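Notes for the one structure printed next.
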Protein chains: 2
Amino acid sequence: MQLTPGRWGDPAHPVDLPSAARDALKHLGVRRTAAEPVAPTDRPGLTEAQLSFLGQVVGDEHVASDLDSRWSHTRGYSTTDLLRFRAGDTSDLPDAVVYPASHDEVQAILTGSAAAGLAVVPYSGGTSVVGGLAPSRRFVTLDLRRLDQMVELDEVSRTATLQAGVRGPAAEALLAERGYTLGHFPQSYEGASIGGYAAARSSGQSSAGYGRFDQMVVGLTLATPRGTIELGRAPMSAAGPDLRQLVLGSEGAFGIITSVVVRIRPRPTERHFEGWRFESFDTGLAAVRRLAQDGPLPTVLRLSDEVETAVNLADPDVLGGGSGGGSGGVLAIIGFDGPYNQATADVLTAAGGKNLGAEPGETWRVGRYRAPYLRDPLLDEGALVETLETAAFWSRIPALKTAVTEALVGALGTTPPLVLCHISHVYETGASLYFTVICAQSDDPIEQWRTAKRAANQAIADAGGTISHHHGVGTDHRDAYATEIGPLAVESLRAVKHALDPDNVMNPAILLPES
Amino acid sequence: MQLTPGRWGDPAHPVDLPSAARDALKHLGVRRTAAEPVAPTDRPGLTEAQLSFLGQVVGDEHVASDLDSRWSHTRGYSTTDLLRFRAGDTSDLPDAVVYPASHDEVQAILTGSAAAGLAVVPYSGGTSVVGGLAPSRRFVTLDLRRLDQMVELDEVSRTATLQAGVRGPAAEALLAERGYTLGHFPQSYEGASIGGYAAARSSGQSSAGYGRFDQMVVGLTLATPRGTIELGRAPMSAAGPDLRQLVLGSEGAFGIITSVVVRIRPRPTERHFEGWRFESFDTGLAAVRRLAQDGPLPTVLRLSDEVETAVNLADPDVLGGGSGGGSGGVLAIIGFDGPYNQATADVLTAAGGKNLGAEPGETWRVGRYRAPYLRDPLLDEGALVETLETAAFWSRIPALKTAVTEALVGALGTTPPLVLCHISHVYETGASLYFTVICAQSDDPIEQWRTAKRAANQAIADAGGTISHHHGVGTDHRDAYATEIGPLAVESLRAVKHALDPDNVMNPAILLPES
């Protein structure tokens, strides 16, 4: 599957807005705007000498400098990215796209980039929603799609070595042939790939059962402008800092992860999903916390708040026409890879939950990657829709949720936005919060969202959350990130970058502000 | 409890060698040497100006420059450390010992150390067995024992903030008052402390149930010569690299961890331990791997090899006089914090295990911190005894075990040593291996062990293991560690050190070679 620039997901399977949603948009004051998408206009790309350098490494047929190739590698999929696509904004257009086929070709490009006067942006799935692909200066995009192999499968250790360009479904298909699964199913699953999962610390919808991607990685290979680093001689070690965890989340700022060794598990022979209803988000929150702290955890555990539950119930494509348990209350989804675990259900019942059966669960499963597809038709209708997420320790979750919601409502102007929220990743000591915002676009929707995002970021910082639980830093969170970790930690990361990338060719201005 | 310099553990509870062990030593060619311990002789310490600087920060009464205080903070507890103690070797004698009472006092010392011309070695439990307390030049030892408070307990998030100087038993006592446990029980539990657990990536005997210490830490505060870094706004985050994992394992080279936020759990109301017998180490290995990969894991899971089983069975103080199931075979110990889990036992039975009941398990539990006490009387008898450990992915474990054993036997000379081995920490993708070596001392036992250790390190590297699973790097593993992570990773760590400690006052020559 190839993503379409400026529109999410598989173009063969678009999602139409339900008529109920169209009606709801009117109540939000959403009015269709007249603006039609603007085609991008080209600008000069790389010099002949630069193209020649790249061609010598990968073969000329694997270097693309045409506008279509470059436009399709421009930015990621945040709402402001989509709005810039629609406006034909070429300010972040790569100057070329190069497709290496191996670690050695990646390494050769990075080794020679400074001399060739190139900055390099790694690109695997291209699904960043936080500005992870928009550096501050001209650059070549290094597309990893040809690194698409499973290099090794160790059945005794239950590990697989996967190259960075393997997409989510391809990884599952490669593993399924041998009876295994990775168990990593983020909402970007159809488009995102192994290298991006690692570089941006992805977390999938089955994280309660399989953990985050950074918890699955036991080894990795990093190509840097100064050479290659290989990490991970054992699952865990006391030999110094865990440098795997320094590379994971580095978003291409130190180099390019060309392959990872991941923990795999036997593919389940059965799966079960079901819906549960709680009287309120607070009641549901206590229930999911109980499962997170005392178990037994299911594989999937999600809890929508009242607003998200109500919005989803009104949408027959998402929740199956009112099967969520009647008016009021909140919906939780649980899923098991493997046998149904009655002990989990007993905990939910004891915590005040009502079992709604398999239908809401199956409906969620079928639509689990579809929600982002709704954004494009919503934008078409003139709505502003975007998501953001955070995480915190349990004791801070209620106040954090309130603070972010109030910040968004306060910043988005006179027509109150809809702010939906859910929990989809839990830990013994805390959880994530995922917000979806829908409102009418102002005359300048990009600035409108920027203002709201700044307010949300500040609210997250003030309420003790982290600036991102699973989307990453990119450029959108860069300043908030620097504040979160503090100036000495920023200097430490900058020192690592300087050691590995002294000429600042790697993904400049992503993760860390340029000094 | 105060450790005695040069002898392990609580002086009130020494361990005598069983007579069977004395007989066994004769077969190894062990002969009592005539050497008596040599008292250390003093040498000049800090200047008046340096002592005055320290006194101004912490109060003169919290700065010690007498020989006894300094000798008791000299080195750690490796066998070569003990042999140097016995020889009165003052080459690593600190020039003073300072006892700050707070993070701010630690920070003030580090901020002023370069100007005062001081290098600083952090000291909490003092139980390093890898040369973690022996830097290359004169220094003040910063003893964290007065940072002994539980600062906060968050019952909703199930986290506790513990200062670095809290010893293992004190941490459990503080948490027990509120109904919680940390669940961290390394063999050094009686002496080691929170700061050392974090700085050296400790792993405890209940790691199958509670995880490693680095997995328990969700937040930490680091004092560096350039200021303070606070990390951990959420259990997990996608906001950049996980910098907690860069500080954990840094062994004081970047700064001093003054407190950590750790995940806690409700204190169990029951515990069960039992022994199991397998025909061979290979059979037992398959069984523990099955539990590690498919569960359900107990809280404690240990598997001795044939040699360790036989040695332990001959020792009535360790295994209760032959309750290990008769001659031959290997002994496994499992333990549960909470109810006994029959499903775990069923997996062991299906894998060929024979349940030996509670007696061997209880015997192990009672003696779980006693094994290191045996080293001093063994040294007294003229034996050389030392331990080392590694970890690797499951598929490499058998060859790694063979390679390390052969390297030790080959290096330790004409009288074959006893090499005992067990697995005590398991993961889905691999496990640790812990070796104990007993043989006759040569005329130069320090050089004898150095040679053997070099051979073992090389065998570990060649067979794909990590140089340390839970002991850390110190000076003993420093060169092997640099080889393991490679020159670019070393440069990255050095860059971080330079950013935080530009004058190299922090634990010089520990973790990384001095440049």
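The values are calculated or read from the model by the stated rules, or taken from the named source; none is laboratory data. If you're wondering where the values come from, they're calculated on a predicted model, not measured in any experiment. Glycine gets a Cβ as well: all are built from the backbone with ideal geometry, and neighbour counts include every protein chain shown. Each accessible area value is taken on the protein alone, full model and side chains, heavy atoms only, with ligands, DNA and RNA left out. Shrake-Rupley method; radii C 1.70, N 1.55, O 1.52, S 1.80 Å.
Per residue of B:461-468, other chain Cβ atoms within 10 Å of the residue Cβ number 3 on average. In chain A, if the dipole is taken from +1 on Lys/Arg beta carbons and -1 on Asp/Glu beta carbons about the Cα centre, which of A:264, A:67, A:351 is farthest to the positive end? Value computed over the given set: A:351. Looking at the range A:372-476, the pairs of alpha carbons with a distance over 17 Å make up 51% of the total.
With an 8 Å cut-off on Cα pairs and a minimum separation of 6 or more residues, tell me the relative contact order of the range A:271-368 in percent. About 49 percent, as a whole number.
What you get for chain A, charging only the Cβ of Lys and Arg (+1) and of Asp and Glu (-1), is a dipole of about 640 debye around the Cα centre. Give me log10 I(q)/I(0) at q = 0.21 Å⁻¹ for the range B:44-143, Debye formula, one equal scatterer per alpha-carbon, no solvent. So the normalised log intensities work out to -1.04. Projecting the Cα atoms of B:333, B:460, B:411 onto the charge dipole of the protein assembly as shown, computed from C-beta unit charges around the Cα centre, puts B:333 farthest toward the positive end. The residues of the range B:479-512 listed by number as losing at least 10 Å² of accessible area in the complex, against the isolated chain and with a 1.4 Å probe, are B:481, B:484, B:485, B:488, B:489, B:491, B:492, B:493, B:495, B:496, B:499, B:500.
Computed about the Cα centre, the dipole magnitude for the range A:271-368 is approximately 220 debye when only Lys and Arg (+1) and Asp and Glu (-1) carry charge, each at its Cβ. Please compute the Cα-Cα pair-distance distribution of the range B:2-47 with 10 Å bins starting at 0, giving whole percents from short to long. Per 10 Å bin, starting at zero, the Cα-Cα P(r) for the range B:2-47 comes out as 17, 28, 36, 11, 6, 1 percent. Centre-to-centre, using Cα atoms only, the range B:147-189 and the range B:194-262 are separated by 15 Å.
Working from label points 7 Å from Cα in the Cα-to-Cβ sense, the residue A:48 to residue B:66 distance is 8.4 nm. The calculated FRET efficiency for residue B:36 paired with residue B:155, based on their beta-carbon distance and R0 = 45 Å, is about 0.25.
Of the residues A:433, A:283, B:500, the one whose Cα sits farthest towards the positive end of the charge dipole of the protein assembly as shown is A:283 (charges of +1 on Lys and Arg Cβ, -1 on Asp and Glu Cβ, taken about the Cα centre). Which residues, if any, in the range A:383-423 have at least 30 Å² less accessible area in the whole protein complex than in the isolated chain, probe 1.4 Å? Residues losing area: A:393, A:395. When the accessible area of the range A:389-447 is computed with all protein chains present and a 1.4 Å probe, what percentage of it is carbon and sulfur? Accessible surface attributable to carbon and sulfur in the range A:389-447 totals 55 percent. Put simply, chains B and A cover up around 5800 Å² of each other's accessible surface, both sides summed, when a 1.4 Å probe is used.
Defining a contact as two alpha carbons under 8 Å apart and six or more residues distant in sequence, what relative contact order in percent does chain B show?
Working: 1126 pairs, mean separation 90.1, N = 515.
Averaging sequence separation for qualifying contacts and normalising by length gives 17 percent for chain B.
Sorting A:289, A:277, A:7 by solvent-accessible area of protein heavy atoms yields A:7, A:289, A:277, largest first, with a 1.4 Å probe. Among the trypsin sites (Lys or Arg not before Pro) within the range B:27-130, those in coil by DSSP and having at most 15 neighbouring Cβ atoms inside 10 Å are B:31, B:32.
Probing with 1.4 Å while keeping every protein chain in the model, the per residue accessible area of the protein assembly as shown equals 35 Å². Solvent-accessible area of residue B:274, all protein chains in place: 20 Å² (probe radius 1.4 Å, heavy atoms, ligands and nucleic acids excluded). Ranked from shortest, the separations from the 7 Å Cα-to-Cβ label point of residue B:279 to its equivalents in the other copies are 6.0 nm.
Label-point spacing for residue A:104 across the identical copies (point 7 Å from Cα in the Cβ direction), in nm and ascending order: 6.1. Put the Cα centre of the range B:387-402 next to the Cα centre of the range B:34-48 and the gap is 40 Å. Can you compute the modelled spin-label distance between residue B:20 and residue A:450, with each label point 7 Å from Cα toward Cβ, in nm? Using points 7 Å along Cα→Cβ, the separation is 7.8 nm.
Equivalent-ellipsoid semi-axes for chain A (Cα gyration tensor, √(5λ), whole Å, largest first): 36, 28, 21. When Rg and the Kirkwood Rh are both derived from Cα coordinates, the Rg/Rh ratio for the protein assembly as shown amounts to 0.98.
Solvent-accessible area of residue A:354, all protein chains in place: 120 Å² (probe radius 1.4 Å, heavy atoms, ligands and nucleic acids excluded).
A straight line joining the Cα centroids of the range B:429-468 and the range B:5-30 runs 21 Å. Placing +1 on the Cβ of every Lys and Arg and -1 on the Cβ of every Asp and Glu, with nothing else charged, gives the protein assembly as shown a dipole about its Cα centre of roughly 480 debye. For the segment B:155-163, counting C-beta atoms of other chains within 10 Å of every residue's C-beta and taking the mean gives 5.
Each copy carries residue B:230; placing its label point 7 Å along the C-beta direction from Cα gives inter-copy distances of 4.2 nm, listed from smallest up. With contacts taken as Cα pairs under 8 Å at a separation of at least 6 residues, the range B:150-266 carries a relative contact order of 33 percent.
One equal scatterer on each Cα of the range B:271-366, no solvent, Debye formula: the resulting log10 I(q)/I(0) at q = 0.19 Å⁻¹ is -0.80.
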